[in-house]
Amino acid sequence: MTTTIALITGANKGIGLATVRQLGARGWTVLVGARDAARGREAERTLREGGADARFVPLDVTDEESVAAAAKLVETEYGHLDVLVNNAGIVRADGSAMPSETTLATLREVYETNVFGVVAVTNAFLPLLRNAPAARIVNVSSEVGSIAVMTDPQGALFELTSVPYPSSKAALNMVTAMYAKELRDTPIKVNAANPGYCATDLNHNSGFRTPDQGAEVSVHLATLPADGPSGLLWGFQMDAGGGYGVLPW
Ligand SMILES: NC(=O)c1ccc[n+]([C@@H]2O[C@H](COP(=O)([O-])OP(=O)(O)OC[C@H]3O[C@@H](n4cnc5c(N)ncnc54)[C@H](OP(=O)(O)O)[C@@H]3O)[C@@H](O)[C@H]2O)c1
């Protein structure tokens, strides 16, 4: 029996590390995408000690050569990819995080990772995903990328005004919807994940959920059955009392 192969970007810590741990616990081969070799190898070691068939894959999502080399490695070693979790992401803001204080340098930096990186990685791995019987693509997004959530005066996020990170996740939501459309006549499903506010380095560990709880959302979308949905933003619903479900774009 061939094993299921999953690649998770930004997998050396936070929600990404929890995602590889949970997918590895299913007996899958988990490819630990990380841009820093020392951090990647350390994550690989920890996961292997926990019994996972984990392998570090050097991958900086903003570096085209790195992306191409990672795709080549997976092609040579495995010939296909069953699951791609585009998890790598960064947060940046200028000044008091008002739109009027946003610099283009910050905007470009965030988009390079959160949007362009996802498109680059997805396109590089799409031939390998097409080689799998029924691949799943999970784009780790956020409810702050939902224009409906962010503009709801009664919602918990109404006071947030930052442009770089929220707009990058809004763009990622559209990216997700468009790939789902292109691939609608294939067995491949493409969805955006909302992990909820999880305590990681991204937010100086201020989140009220754990990285493992955030990873549950990615794992759910990575393991959708054949009749599961495609082209949705799905996950933690803060404004609906904290359950899981579909979020508005
Ligand atoms: N935490 C939350 O509350 C929350 C909520 C909603 C969505 N998310 C999303 O969840 C995802 C994971 O975030 P997290 O909270 O787990 O944050 P984190 O702990 O800061 O982890 C981010 C990961 O992304 C990696 N990364 C950053 N830039 C990269 C690049 N150019 N190439 C490859 N890897 C890169 C980081 O690697 P280094 O260690 O090398 O920096 C790290 O492994 C992100 O997409 C984030 O936007 C998080």
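Does anything in segment 1-44 have its amide N under 14 Å from the 7 Å Cα→Cβ label point of T210, and if so which residues?
14-15, 18-19, 21-22
How large is the Rg to Rh ratio of segment 1-89 when both quantities use alpha carbon positions and Rh follows Kirkwood?
Numbers: Rg = 11.6 Å, Rh = 12.5 Å.
For segment 1-89, the value is 0.93.
Identify the residues of segment 1-27 with backbone N under 18 Å of a label point that sits 7 angstrom from the Cα of Y244 along the Cα-to-Cβ direction, or state none.
15-27
Taking all protein chains as present, what is the carbon and sulfur share of the accessible area of segment 8-121, in % to the nearest whole number, probe 1.4 Å?
50
Would you compute, for the Cα atoms of the chain, the largest minus smallest coordinate along each principal axis and list the three values in descending order, in whole Å?
Cα extents, longest axis first: 52, 40, 31 Å.
Hey, which lysines would be in cross-link range of K169, C-alpha to C-alpha under 22 Å, not counting anything within fewer than 8 residues on its own chain?
Within reach: K13, K181, K189.
With contacts defined as alpha carbon pairs under 8 Å and 6 or more residues apart, what's the relative contact order of segment 115-233 in percent? Could the numbers behind the result be given before it?
Values: 171 pairs, mean separation 35.3, N = 119.
RCO, segment 115-233: 30 percent.
Using a probe radius of 1.4 Å on heavy atoms only, what accessible surface per residue do you get for the chain? Whole Å² is fine.
Details: 11400 Å² over 249 residues.
Accessible surface, normalised per residue, equals 46 Å².
May I ask you to derive the FRET efficiency for A25 and S100 from their Cβ-Cβ distance with R0 = 41 Å, giving the value to the nearest 0.05?
In this case the efficiency is close to 0.30.
How much net charge surrounds L107 when only other residues with a Cβ under 15 Å from its Cβ are counted (Lys, Arg +1; Asp, Glu -1)?
-1
For segment 5-247, what is the percent of antiparallel DSSP beta bridges, rounded to the nearest 5?
Details: 5 of 31 bridges.
The antiparallel fraction comes to roughly 15 percent.
If I histogram all Cα-Cα distances within segment 122-208 using bins 5 Å wide from 0, what percent of pairs lands in each bin?
All Cα pairs, binned at 5 Å, distribute as 3, 13, 19, 20, 16, 12, 10, 6, 1, 0 percent.
Starting with the highest mean, order 194-204, 148-158, 21-31, 162-172 by the number of other Cβ atoms within 10 Å, averaged over the residues of each peptide. Don't skip to the end; give the middle numbers.
On the way: 194-204: 18.9, 148-158: 13.5, 21-31: 20.9, 162-172: 22.6.
Peptide ranking by packing, descending: 162-172, 21-31, 194-204, 148-158.
Considering the zone a paramagnetic label at T161 would reach in this model (a point 7 Å from Cα along the Cα-to-Cβ line), which residues of segment 100-119 have amide N under 19 Å from it?
Residues 100-104, 106-107 fall inside that zone.
Please report, in debye to the nearest 20, how large the charge dipole of segment 5-247 is about its Cα centre when each Lys and Arg carries +1 at its beta carbon and each Asp and Glu carries -1 there.
On the way: 19 positive and 26 negative charges, 91 e Å.
Computed charge dipole of segment 5-247: roughly 440 debye.
The values are calculated or read from the model by the stated rules, or taken from the named source; none is laboratory data. Everything numeric in this text was worked out from a predicted model, so none of it was measured. With ideal geometry, Cβ positions are generated from the backbone for all residues, glycine too; neighbour counts draw on all protein chains shown. All accessible areas refer to the heavy atoms of the entire protein, side chains included, with ligands and DNA or RNA removed. Shrake-Rupley method; radii C 1.70, N 1.55, O 1.52, S 1.80 Å.
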